[in-house]
Amino acid sequence: MSLTIKSHFASRTYLSFTTKPSRFTGYNTKIRPNSIYHFNPLRLTYYQPKKMQASVQYSPAPLIKSSKIEPDGGALVDLVVPEGERGAKTIEAESLPKVRLTKIDVEWVHVISEGWANPLKGFMREDEYLQSLHFSSLRLKDGYVVNMSLPIVLAIDDETKERIGSSSHVGLVGPDGDLIAILRSIEIYKHNKEERIARTWGTTAPGLPYVEEVITPAGNWLIGGDLEVLKPIKYNDGLDHYRLSPKQLRKEFDRRNADAVFAFQLRNPVHNGHALLMNDTRRRLLEMGFKNPILLLHPLGGFTKADDVPLDVRMEQHSKVLEDGVLDPETTIVAIFPSPMHYAGPTEVQWHAKARINAGANFYIVGRDPAGMGHPTEKRDLYDPDHGKKVLSMAPGLEKLNILPFRVAAYDIVAKKMAFFDPSRAKDFLFISGTKMRTYARTGENPPDGFMCPGGWEVLVKYYESLQAEEATQQPAAVSS
């Protein structure tokens, strides 16, 4: 097999692997030319300012462990202070001017400290912020370009800025008053909220969840610097054992002898349509020659909007999916991705993909309208449903990641199960949206057989029953007041 690679700054060329005939007809895998199945990513140069290759012939190379895919920018950062130094660092932090963090700020400290945003070592200073906001990437000192589509910043108000004065370092304090970290060699610069919102979301319409929760009430200044986190971030919610860092995930992939890792990001309960495409992806990777592909089922665990199913309920539902055998526990790792959710569509999906590179995943499954939402003021999608996967195929800094777009799955009323949609018999398929699924659960109505495993569905029904009971107890109090 041969292939042609065009210039890094021209359009990218894809390989199409046609797999063996199966019941999922018409489904071809598209893999980037620099897939680890064909190349050693440690020997690739992604930025070549002095020399650009026009057309090169390559032959297959030996399989490489998926965890050998390099983190962006080199070695993973670990910004947690060693245990033996914590006492002295805490004393120092107590003497510094303080910046109080919100719950979501702490989630970002968690993200940065473990290397999900590698090679970022703290909240962005102005030059990093501008590159992220305008170019969706950062150019490192050696010329290497890494994707960074979302600004990761910390806002402060006028009073805090005055209190900091001329200090070069500040202490970061959590919502409960505990010292979280030191931010060193700080830089304070203007927080232009309108520009940030417009460039990140493509709109300044009211009703964007992250904007209303985080940006609108935030201060008019941003403070950047290098983080020293005083101890690992823990939430003590019974789910910390699911919060595996990129370093821990890489070790687990090696322990399981994974030669491919395919990541699936979600913020909703898993139904059998999701399971269909995850299982089908593993089948396709096996047909391509991989011996032990491992699925990283990676639900988002940070801030989500109010009507999303809470994290603890989702994790319980995911565990039932494995218990019921819908996904194989031997080839599946369920872990929590600690990032907050922006609902910023094609801009945000780049962040989701980039973070999984740092965790050691070399395949990323992307579907319809990833990281999207309905328009907050109009009856339409905020983003084109196909733009997320198209942007991922062109995004700077994501060249070493294999993007796996999937076909739409729907409920086949003839076969009575979730199946890939067949346009030739469209009338035989039922599309069950997230809204429809929640309506089923709220009203106690069961979805069609084969839509979701019984154990997983029972978790959702109990959650909505508890929600309704809670609402019922609150209504009389509201009336009496």
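The values are calculated or read from the model by the stated rules, or taken from the named source; none is laboratory data. Everything numeric in this text was worked out from a predicted model, so none of it was measured. Cβ coordinates were reconstructed from backbone atoms using ideal geometry, including for glycine residues, and neighbour counts include every protein chain displayed. Note: accessible area is taken over every heavy atom of the protein model, side chains too, but ligands, DNA and RNA are not part of it. Shrake-Rupley method; radii C 1.70, N 1.55, O 1.52, S 1.80 Å.
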### Query
Can you give the accessible area of Asp176, probe radius 1.4 Å, in Å² rounded to 10?
110
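Of the accessible area of segment 275-372, with the probe set at 1.4 angstrom, what percent is carbon plus sulfur? All intermediate terms of the calculation are to be shown ahead of the outcome.
Details: 1090 of 2330 Å².
That share works out to 47 percent.
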### Query
Listed here are the pairs Lys121/Lys190; Lys141/Lys389; Lys98/Lys231; which of them are more than 23 Å apart at the Cα?
Lys141/Lys389
### Query
To the nearest 10 Å², what's Arg283's accessible area with a 1.4 Å probe?
50
### Summary
Quick note, segment 240-469: a/c under 1.5 would make it rounded; otherwise a/b > b/c is prolate and the rest oblate (a ≥ b ≥ c, C-alpha gyration tensor); here it is rounded
### Summary
Here segment 439-445 yields Karplus 3J(HN,Hα) values (6.51, -1.76, 1.60; θ = phi - 60°; whole Hz; Gly and Pro given as x) of 5, 3, 5, 5, 8, x, 7
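Cα gyration tensor of segment 70-131, axes a ≥ b ≥ c as square roots of the eigenvalues: rounded (a/c below 1.5), prolate (a/b > b/c) or oblate?
Numbers: a/c = 2.04, a/b = 1.34, b/c = 1.52.
Cα axes put segment 70-131 in the oblate bin.
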### Task
Would you please name the chymotrypsin sites (Phe, Trp or Tyr not before Pro) within segment 430-468 that are DSSP coil residues with at most 12 other C-beta atoms within 10 Å of their C-beta?
Phe431
### Query
Given the C-alpha centroids of segment 402-422 and segment 212-229, what is the distance between them in whole angstrom?
42
### Task
Give a residue-ordered list of calculated ³J(HN,Hα) values for segment 149-164 (Karplus: 6.51 cos²θ - 1.76 cosθ + 1.60, θ = phi - 60°; whole Hz; x for Gly, Pro).
7, 10, x, 10, 9, 10, 9, 9, 9, 4, 5, 5, 4, 5, 5, 5
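Based on alpha-carbon positions alone, could you give the equivalent ellipsoid semi-axes of segment 83-229 from the gyration tensor, as √(5λ), descending, whole Å? List each step's numbers first, then the result.
Working: eigenvalues 124, 72, 39 Å².
Calculated on Cα positions only, the semi-axes equal 25, 19, 14 Å.
Stretched out fully, how many nm does the piece from Tyr144 to Ala205 gain, at 0.36 nm a residue minus the Cα gap?
The Tyr144-Ala205 span can extend by a further 18.4 nm.
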### Task
Roll a 1.4 Å probe over the protein chains and send me the accessible area per residue for segment 240-469 in Å².
38
### Task
May I ask you to list the GluC sites (Glu not before Pro) in segment 283-334 that are in a DSSP loop and have at most 16 other Cβ atoms within 10 Å of their Cβ?
none
### Query
Of all accessible surface on segment 83-229 at a 1.4 Å probe, what whole percent is carbon and sulfur?
47
### Of Lys251/Lys354; Lys247/Lys417; Lys247/Lys400, pairs whose Cα-Cα distance is over 26 Å
Lys247/Lys417
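Rounded if a/c is under 1.5, else prolate if a/b is larger than b/c, else oblate: which is segment 137-184, with a ≥ b ≥ c the root eigenvalues of its Cα gyration tensor?
On the way: a/c = 2.39, a/b = 2.02, b/c = 1.19.
It comes out prolate by the Cα gyration axes.
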### Query
Can you list the HN-Hα couplings for segment 245-252, worked out from phi with the Karplus curve (6.51, -1.76, 1.60; θ = phi - 60°), rounded to whole Hz and with x for Gly and Pro?
6, x, 5, 5, 5, 4, 5, 5
### Task
Could you provide, to the nearest whole Å², the per residue accessible area of segment 83-229 with probe 1.4 Å?
43
#### Entry: Orientation-averaged projected area, Cα convex hull of segment 401-481 (nm²)
8.8
